[in-house]
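Q: For reference, the structure I am asking about is given below.
Rule-based calculations on the coordinates, nothing more; no lab input. As the structure is a computational prediction, the values presented were derived from the model and not from experiment. FYI the Cβ positions are ideal-geometry reconstructions off the backbone, even for glycines, and counts take in every protein chain you see.
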Amino acid sequence: AAPFSYIENGKPAGYSVAVCLEVANALQQNLKMPELTMAFVPVTAENRFDAITKGAIDLLCEATSATLTRRETMDFSIPTFVSGASLAIRPDGPTSFDAVAGKKIGVLGGTTTQDDLNTTLKEQNVSADVVVVHTHDEGFEMLKKGDITAYFADRTILQERLRNDPATSGLLLADNYLTIEPYALAMPIDHDFRLAVDRALSRLFRTGGMIKIFRGSFDPEAKPSELLKALSRMSGLPE
């Protein structure tokens, strides 16, 4: 899910991965540990939360929306990014939400985008054939072939893919925002650990470290949105 978490040259990369590495380094320094071993565990949209609740991972380094329902079984850091769901389309695709009526549309399973899409369709009394995919690659391939007329996903992920992946040539990004999503680092329920993670993140925001991560993780021409600028000002919690 570039630009947040993906594999590059055989190693994890992306904005969320860089944030997790900064947090780990801060934990090592604050706990005065001579060294802290970090191991990356690959997860999918379907099994990522089981990995947390079953103790397989300590921190989820990807674009995860913090929701109240998810907080029933896990914890979340302060927000690390803010984006929203939108839709990629073919040149002849729907340019408004009402226009998806009677169409096949794709969405990644196990995400808040899937839940919000189904809720919005019901609330607006729009009938569409929702095709649930397992990866963004699958969704874009179906869109390119015309098997679906629109693909719903995080707008930042869609922008990154349309900007940098030749395979998406000819596809467009609609103007619509379906949702506003606050992203955070998910973790097991542990007050002390969450506080340590939040302290590290707050310092990153206060010292401008998050802007450096943004510039290093996104396209050089990308600029922080007004929402992201506001988040940066609010998430630098005082000690």
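Q: With +1 assigned to the C-beta of every Lys and Arg and -1 to the C-beta of every Asp and Glu, and no other charges, what is the dipole magnitude of the chain about the Cα centre in debye, to the nearest 20? Walk me through the numbers on the way to the answer.
A: Working: 24 positive and 31 negative charges, 111 e Å.
That gives the chain a dipole magnitude of about 540 debye.
Q: Next question. Is there a quick way to get the dipole size of region 57-118? I mean about its Cα centre, with the Cβ of Lys and Arg at +1 and of Asp and Glu at -1; what is the value in debye to the nearest 20? Intermediate values should be presented prior to the final figure.
A: Details: 5 positive and 8 negative charges, 52 e Å.
Here region 57-118 has a charge dipole of around 240 debye.
Q: If you average the alpha carbon positions of region 65-99 and of region 165-239, how far apart do those two centres end up, in angstrom?
A: Taking the Cα centre of each part, region 65-99 and region 165-239 sit 14 Å apart.
Q: Using only the alpha carbon atoms of region 97-153, find the Kirkwood hydrodynamic radius as the inverse mean reciprocal pair distance, in angstroms to one decimal. If you can, show how the numbers build up before the last one.
A: Values: mean 1/r = 0.0896 Å⁻¹.
It is 11.2 Å.
Q: Under a Cβ-only charge scheme (Lys and Arg +1, Asp and Glu -1), can you give me the dipole magnitude of region 23-100 about the Cα centre, in debye to the nearest 20?
A: On the way: 6 positive and 9 negative charges, 33 e Å.
About 160 debye.
Q: May I have the count of lysine pairs in the chain with C-alpha atoms under 21 Å apart, counting pairs 8 or more residues apart or located on different chains?
A: Going through the chain pair by pair, I get 9.
Q: Counting only residues 5 or more places away or on other chains, whose amide H sits under 5 Å from the amide H of PHE81 once H atoms are built in the peptide plane?
A: TYR183
Q: Using only the Cα atoms, work out Rg/Rh for region 83-239, with Rh taken as the Kirkwood radius, to two decimals. Please list the in-between numbers first.
A: Numbers: Rg = 17.8 Å, Rh = 17.3 Å.
Radius of gyration relative to Kirkwood radius: 1.03.
Q: Along the charge dipole of the chain, pointing to its positive end and built from +1/-1 on Cβ of Lys, Arg, Asp and Glu, which listed residue (VAL23, VAL132, TYR151) has its Cα farthest out?
A: Positive-most Cα among the choices belongs to VAL23.
Q: Here's something else I'd like to know. Compute the distance in nm between two label points, each set 7 Å from the Cα along the Cα-to-Cβ direction, one at LEU172 and one at GLU226.
A: The answer from the label model is 2.4 nm.
Q: Which three numbers, in whole Å and largest first, are the semi-axes of the equivalent ellipsoid of region 1-119 derived from its Cα gyration tensor as √(5λ)?
A: Numbers: eigenvalues 221, 55, 33 Å².
Over the Cα atoms of region 1-119, the semi-axes work out to 33, 17, 13 Å.
Q: So for the pair ASN125, ASN25, with labels modelled 7 Å out along Cα→Cβ, what separation do we get in nm?
A: 5.6
Q: Over the chain, what is the percentage of antiparallel beta bridges among all DSSP beta bridges, to the nearest 5? Don't jump to the answer; show the numbers that get you there.
A: Details: 17 of 25 bridges.
The antiparallel proportion sits near 70 percent.
Q: Which peptide among 212-221, 69-78 comes first, and what is the full order, when sorted by highest mean count of other Cβ atoms within 10 Å?
A: The packing order, highest mean first, is 69-78, 212-221.
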